[in-house]
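Colleague: The structure under discussion is supplied below as structure tokens; questions concerning it will follow.
The values are calculated or read from the model by the stated rules, or taken from the named source; none is laboratory data. What you see is a predicted model, and the numbers here were worked out from it, not measured in a lab. Cβ sites come from the backbone with ideal geometry, for glycine too, and all protein chains shown count toward neighbours. Areas reflect the complete protein model, heavy atoms only, side chains present, ligands, DNA and RNA absent. Shrake-Rupley method; radii C 1.70, N 1.55, O 1.52, S 1.80 Å.
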Amino acid sequence: MTKKTIRAEVAGRVKNLSPVYCREADAAICWCVTQSALYRNARTILCYVGTAREIDTSALLHAALEDGKTLVLPLCVEKGVMEARQIAGLGDLVSGRYGILAPRLDCPRLEPEAIDLAVVPCCAAGTDGLRLGYGGGYYDRYLPRTRCPALVLCRGQLVREGLPVEAHDVPMDYLATEKGLTACQRA
């Protein structure tokens with residue numbers, strides 16, 4: 001199957017997930033992340049604001065801010081290019097590219113090397129570390145510039161092994177689902 005076909009299939013599956021399952025899974029995923037050594041040991045965390053089809057990361061964002069972490073979020077500055085911008089609170093977010101909440105333009109930019117943990121969205125992901133994004137390539141271009149573990153968040157019902165991979169796709173180090181955190185086993 002092609003990436004495009006899988007994205008369409010997963011989008012259909014997401015529409016059929018019960019709202020109760022999504023709320024409970026998302027809360028469990030965020031809790032799992034905040035209880036992990038990866039999170040505890042990270043001073044600077046790159047995270048994202050989940051859209052309707054993604055994990056609701058609001059609990060994770062609140063926890064990072066309350067725990068005194070340096071929280072950075074992606075700001076899409078041009079097609080395929082993102083920067084990490086530090087926020088002091090959720091009031092620093094505005095509607096950005098694609099209608100996704102993003103940091104204001106005046107939020108400080110941090111270099112990729114300053115990030116200790118990258119929390120990454122997906123359309124689908126597997127325990128083999130493969131991740132299917134939404135086709136923009138933002139994270140695949142950004143993550144190689146970091147020196148930190150990449151942790152992808154995925155509801156268990158959307159985990160899929162053997163996703164198609166291309167040379168530019170960046171494998172994930174960890175997968176978090178509502179069942180827990182898994183170190184990815186690359187083939």
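Colleague: Of all residues in the stretch 117-145 being in a loop (DSSP other than H, G, I, E, B), open to solvent by 20 Å² or more (accessible area, probe 1.4 Å) and touching a helix residue (DSSP H, G or I) at 6+ places or on another chain (Cβ under 9 Å), which is nearest to Ala8 (Cα to Cα)?
Modeller: Restricting to residues being in a loop (DSSP other than H, G, I, E, B), open to solvent by 20 Å² or more (accessible area, probe 1.4 Å) and touching a helix residue (DSSP H, G or I) at 6+ places or on another chain (Cβ under 9 Å), the top hit is Tyr134.
Colleague: Separate question: In the stretch 22-77, what residues are modelled with pLDDT of 95 or more, touching an Asp or Glu at 6+ places or on another chain (Cβ under 7 Å) and assigned to a loop (DSSP other than H, G, I, E, B)?
Modeller: Listed by number, the residues that qualify are Ala42, Arg43, Ile55, Asp56.
Colleague: For the stretch 66-97, enumerate the residues that are among the aliphatic types (A, V, I, L, M) and open to solvent by 50 Å² or more (accessible area, probe 1.4 Å).
Modeller: Of all residues in the stretch 66-97, those among the aliphatic types (A, V, I, L, M) come to 71-73, 75, 77, 81-82, 84, 87-88, 90, 93-94.
Matches in the stretch 66-97: Val77, Val81, Ala88, Leu90, Val94.
Colleague: If you go through the stretch 101-116 one residue at a time, do you hit one that is in a loop (DSSP other than H, G, I, E, B), touching a residue at least 60 places away in the same chain (Cβ under 8 Å), in contact with a Leu (Cβ under 6 Å, 6 or more places away or on another chain) and not basic (Lys, Arg)?
Modeller: yes
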